[in-house]
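Heads up, the thing below is written out as structure tokens.
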Amino acid sequence: MGFKKDFIWGLATSAGQVEGGAADGGRGPSIWDVFSTVPGRIHGGVTPAVCCDSYHRFDRDVKNLSFVGVDSYRMSISWSRVMPDGTGRLNDAGVDYYKRCFEALNNAGIKPNVTLYHWDLPQALEEKNGWVNRDVIGWFSEYADKMFRIFGDVVPLWSTVNEPIATYVGYALGAFAPGRRNEKEGNQARHNILVAHGAAVDAFRASGAKGDIGIVIDIWKRHAIRDTEEDRRLVIDQDERNWKFYTDPVLGGSYSDYLLSHLQSEGTLMDIKDGDLPLMHRPIDFYGLNVYNRVPVSVDSRAAADFSQGGNFLNNKTEYYPKAVYDAIRLVHELYDLKIPVYITENGTYSIGEEARGADGVKEDGDRIRYLAGFLEWLEKAVDEGFDVRGYYLWSLMDNFEWTAGYNYRFGIFETDFDTLECRPKKSAYWYRDFIKKVKGQ
Ligand code: BGC
């Protein structure tokens, strides 16, 4: 038993977090470029203008991927790099950049796994009301169609959207770009992105591209801290309003009655047009599951405080609960009778600030190794029980721009020196390399 030889081992990043080159080669700004210049939005007042400079240093990244020996690299395309206005004109320099990336990966024997939208809407489209404007469905499918036609032969795995919840955080809660705060618009934005996903799947099938297409949705399962009716109700409410908002229509074909009736009575129900639900539920080839942790909740703040004193926690104060991956895999199969393969498209943990170095100068990220080992053990259990999981992507290849946490939360198995832009393996990079070798029996 255990992981099969053809199980895909990978590492993940996204364009807006590693590329930099924000104004190079004719790229237009994304909503994160603009949002990050608003004082107080990003820890340390930093921006993603340079990040890890992958726009100029992709060879470095390929070298590091090869060092670890991964089968696949999950990355995303910056929409505003290839289409600075969001629609219409293609930017040749941007398209060439990705051509070179995919060629370099394929030459190194590393399969590109490409996400079209990882939170970085072209600012030009935000100026037309962004994800709230229903026209975004057409804008996104135009962009998707162009990418499928250009790169359909060299990219075997595609995801339309990464974590659609980010639109809600950006349009309803104001915590992510574009920083708007309107509950009803937030619901419309997250509905529109799911419809846009379906339209992109249609564009994929029509383009004749050869690979597989899916979507990436994160699951943060709520758990009741106390065995009480109130806490159980809170779990239901939060599950419904968070990850189930996306998995229900995409994997199950409809929003839940619970969600619809609550949004209706709260006056925040989005406009749902005829045909939206079947579009959101278009058959896809795989489900990309991002899973980092569970979320213990209670209506009683004292119970919540006690819980965070008593449990098993990492140095960054997040709970160590590696079974989260097994729970999430089981759950989606139970809820939706899932018949398509699953990829774990992200899993990983962070240090706050710098990790300490060992005597050899290598960063000692023992907490990360503990976390990964635990998750991989539970993943193996899911595989052994027969769940069809085909791959695992560790987040992240290197320390990068962690959205509102700036460069302070570090998720990399390579450390990035943000002055010299060199990347060096941490202990976890050696660990993951050896793990992959062992599993493959090399
Ligand atoms: C996102 C990544 C992010 C990671 C760690 C995921 O929600 O897709 O972009 O860096 O979590 O926070």
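If you go through segment 9-49 and pick out every residue that is surrounded by fewer than 19 Cβ atoms within 10 Å (Cβ to Cβ) and farther than 18 Å from Pro178 by Cα, you end up with 5. For Asn64, state whether it is more than 30 Å from Val439 (Cβ to Cβ), buried (at least 16 other Cβ atoms within 10 Å of the Cβ) and in contact (Cβ under 8 Å) with a residue 60 or more places away in the chain. So Asn64 does not fit the description; no. Criterion first (of a type outside the set (Lys, Arg) and touching a strand residue (DSSP E or B) at 6+ places or on another chain (Cβ under 6 Å)) does Val342 satisfy it? Yes: the conditions hold for Val342. When Gly412 is tested against (1) in contact with a Ser or Thr (Cβ under 6 Å, 6 or more places away or on another chain); (2) small (Gly, Ala, Ser); (3) more than 16 Å from the ligand (Cβ to nearest atom), only condition (3) is not met. Based on this model, can you work out whether Ala104 counts as surrounded by 16 or more Cβ atoms within 10 Å (Cβ to Cβ), in contact with an Asp or Glu (Cβ under 7 Å, 6 or more places away or on another chain) and either within 30 Å of Met270 (Cα to Cα) or at pLDDT below 95 (or both)? Criteria not met by Ala104. Per the listing Val155, Val169, Val161, the residue uniquely of a type outside the set (Asp, Glu) and part of a helix (DSSP H, G or I) is Val169. Yes or no: Ile436 touching a helix residue (DSSP H, G or I) at 6+ places or on another chain (Cβ under 9 Å), more than 16 Å from the ligand (Cβ to nearest atom), farther than 29 Å from Ala175 by Cα and of a type outside the set (D, E, K, R)? Spelling it out, Ile436 is indeed touching a helix residue (DSSP H, G or I) at 6+ places or on another chain (Cβ under 9 Å), more than 16 Å from the ligand (Cβ to nearest atom), farther than 29 Å from Ala175 by Cα and of a type outside the set (D, E, K, R).
On the stretch given as segment 367-393, residues that are among the acidic types (Asp, Glu) and either more than 24 Å from Glu319 (Cα to Cα) or within 16 Å of the ligand (Cβ to nearest atom) (or both) total 4.
Residue by residue through segment 99-129, note down the ones that are under 19 Å from the mean Cα position of the chain (by Cα) and aromatic (Phe, Trp, Tyr). Correct list: Tyr117, Trp119.
Where helices (runs of 4 or more DSSP H) fall wholly inside segment 223-316, the ranges with 1 or more residues that are charged (D, E, K, R) and surrounded by 15 or more Cβ atoms within 10 Å (Cβ to Cβ) are 229-241, 244-247, 276-280.
Looking at segment 329-366 only, could you name the residues that are closer than 15 Å to Arg390 by Cα, away from the ligand (no atom under 16 Å from the Cβ) and either of a type in the set (Phe, Trp, Tyr) or in contact with a His (Cβ under 7 Å, 6 or more places away or on another chain) (or both)? Correct list: empty.
For segment 185-200, the set of residues classified as aliphatic (A, V, I, L, M) and surrounded by 24 or more Cβ atoms within 10 Å (Cβ to Cβ) consists of Ala189, Ile193, Leu194, Ala196, Ala200, listed by residue number.
Listed by first and then second residue, the pairs with beta-carbon distance under 7 Å, at least 6 apart or on different chains, first residue in segment 27-40 and within 12 Å of Gly130 (Cβ to Cβ), second of a type in the set (Asp, Glu) and in a loop (DSSP other than H, G, I, E, B), are Ser30/Asp120; Ile31/Asp120. Take segment 107-133 and flag every residue that is more than 16 Å from the ligand (Cβ to nearest atom) and touching a residue at least 60 places away in the same chain (Cβ under 8 Å). Result: Lys111, Pro122, Gln123, Ala124, Glu126, Gly130, Trp131, Val132.
The selection criterion, being small (Gly, Ala, Ser) and either farther than 24 Å from Glu185 by Cα or surrounded by fewer than 22 Cβ atoms within 10 Å (Cβ to Cβ) (or both), holds for Gly152.
The values are calculated or read from the model by the stated rules, or taken from the named source; none is laboratory data. Note that the coordinates shown come from a computational prediction; the quantities given were computed from them, not determined experimentally. Counting neighbours? That spans all protein chains shown, and the Cβs are built from the backbone with ideal geometry, glycine included.
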